[in-house]
Amino acid sequence: MSTAVGQGVVTPVWEVTRPARPCRVPGVALAGFRDRGPAPVDHRLDPHPVLTLALACGEAALGIDESTGRRYRGSLVTGLGFGVGGAARVRAANVEWMQVRLSPAVARAVLGVGPAELESSVVALDDLWGERRAARLRERLAQAASWEERFALVEAFLARLFAAGPAIDPELAWAWDRIVAGHGQVRVEGLADELGWSRKRLWSRFHAQLGLPPKRAVKLVRFDRAATRLAGGQGAAGVAADCGYADQSHLHRDVVAFTGVTPATVAGGSLVAAADLGWVDHVPRLPARGGGARPWGSLPRGSVNGARAW
């Protein structure tokens, strides 16, 4: 779930708090959000290259309304790339909630279902984890005295799930992280060559285990970086050049496809303060090779220009 850019927003809506240290669960990043706006929140939800847990930390509930008329309230899970085309809006008032971003490489271990099963969808946490487990977590978050206590609670909870959950193919974890590290400016054919796989094999396994075809993943990661720079005030021409688009028209088409609005609208205002824009396009990375709770295997044969993605 991205901290989207809204239309006509002058002052920040969300107050963002981040942990003092990175999450020890690989491929996971946490942040706390508090509604600080003078009026109820109502903004477009833009797609992001992560799966997201939105965990309620009090009585007031975050809500997501889809253009189809479906409405969701409470603790939710959104799939990879949810919100394409401006098809969903976030609605809330006086809420505190935690945003947990999950790399698709660790989503199955943490959530119990794979990214492909949640692609471009939103699910109530009660339906995913069961009412008892979801309610217990919600109660403990509401009782916590500080954001740091909440972060520690959720981290410990996710660490237990991750340790017991299944891993994806290490080659695919490497390929995803390579796309993220390159900000979407990588060639899918080059990834296949480095792995020693055929393009067909990479496409089928990537899609099955990570939830998107690799070229779609590249476009989503590239768009996410571009949208953040537009929100930060960078001009469209500079964003197009920096983010690997062929030209400004190419950027325009991608932004409209992903958000339903133009780059100028995306650049119209941010829902977070400038100091928090670093969180907006933050995509959690995997640990160094051999680090973390589970080894991710070695790099495939060779790497571009000798660079290591780990």
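A few points about this structure:
Per-residue answers, yes or no, for (1) assigned to a helix (DSSP H, G or I); (2) farther than 25 Å from residue 164 by Cα:
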residue: 97; (1), (2): no, yes
residue: 110; (1), (2): yes, no
residue: 113; (1), (2): no, no
residue: 127; (1), (2): yes, no
residue: 139; (1), (2): yes, no
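- Looking only at residues of the range 161-180 that are open to solvent by less than 10 Å² (accessible area, probe 1.4 Å) and without any contact (Cβ under 8 Å) to a residue 60 or more places away in the chain, we find that the one that is nearest to the chain's Cα centre (by Cα) is 179.
- Output for the range 108-131, where each listed residue is open to solvent by 60 Å² or more (accessible area, probe 1.4 Å) and either more than 15 Å from residue 79 (Cβ to Cβ) or among the hydrophobic types (A, V, I, L, M, F, W, C) (or both): 131
- Criterion applied to 274, 293, 267, 309 was being open to solvent by 60 Å² or more (accessible area, probe 1.4 Å), at pLDDT below 90 and in contact with a helix residue (DSSP H, G or I) (Cβ under 7 Å, 6 or more places away or on another chain), and the one residue passing it is 293.
- Sole exception among (1) surrounded by fewer than 21 Cβ atoms within 10 Å (Cβ to Cβ); (2) within 20 Å of the chain's Cα centre (by Cα) for residue 158, by number: (1)
- Taking the criterion of being assigned to a helix (DSSP H, G or I) and either free of Cβ contacts under 8 Å to residues at least 12 places away in the same chain or touching a helix residue (DSSP H, G or I) at 6+ places or on another chain (Cβ under 7 Å) (or both), the only residue of the range 99-108 that qualifies is 107.
- Some residue of the range 53-69 being modelled with pLDDT of 90 or more, charged (D, E, K, R), open to solvent by 40 Å² or more (accessible area, probe 1.4 Å) and assigned to a loop (DSSP other than H, G, I, E, B): no
- Those residues of the range 241-254 which are surrounded by 21 or more Cβ atoms within 10 Å (Cβ to Cβ) and over 19 Å from the mean Cα position of the chain (by Cα), in sequence order: 245, 251
- Hey, residue 86 more than 24 Å from residue 140 (Cα to Cα) and open to solvent by 40 Å² or more (accessible area, probe 1.4 Å) or not: no
- In the range 184-205, residue most open to solvent (accessible area, probe 1.4 Å) [restricted to those that are on the phi < 0 side of the Ramachandran plot and touching a residue at least 40 places away in the same chain (Cβ under 8 Å)]: 185
- Out of 217, 208, 227, 257, sole residue that is touching a residue at least 24 places away in the same chain (Cβ under 8 Å), within 27 Å of residue 106 (Cβ to Cβ), open to solvent by 50 Å² or more (accessible area, probe 1.4 Å) and within 22 Å of the chain's Cα centre (by Cα): 208
- Some residue of the range 132-145 being surrounded by fewer than 21 Cβ atoms within 10 Å (Cβ to Cβ) and under 20 Å from residue 21 (Cβ atoms): yes
- Within the range 103-159, the residues that satisfy the criterion of being in contact with a Lys or Arg (Cβ under 7 Å, 6 or more places away or on another chain) and hydrophobic (A, V, I, L, M, F, W, C) are 141, 144, 153, 159.
- Filtering the range 27-40 to residues that are open to solvent by less than 10 Å² (accessible area, probe 1.4 Å) and either part of a loop (DSSP other than H, G, I, E, B) or farther than 24 Å from residue 152 by Cβ (or both) leaves only 27.
The values are calculated or read from the model by the stated rules, or taken from the named source; none is laboratory data. Owing to the predicted nature of the structure, the values given are computational and were not obtained by experimental measurement. Cβ sites come from the backbone with ideal geometry, for glycine too, and all protein chains shown count toward neighbours. For the accessible areas, the whole protein counts, side chains as well, though only heavy atoms, and no ligand, DNA or RNA atoms are used. Shrake-Rupley method; radii C 1.70, N 1.55, O 1.52, S 1.80 Å.
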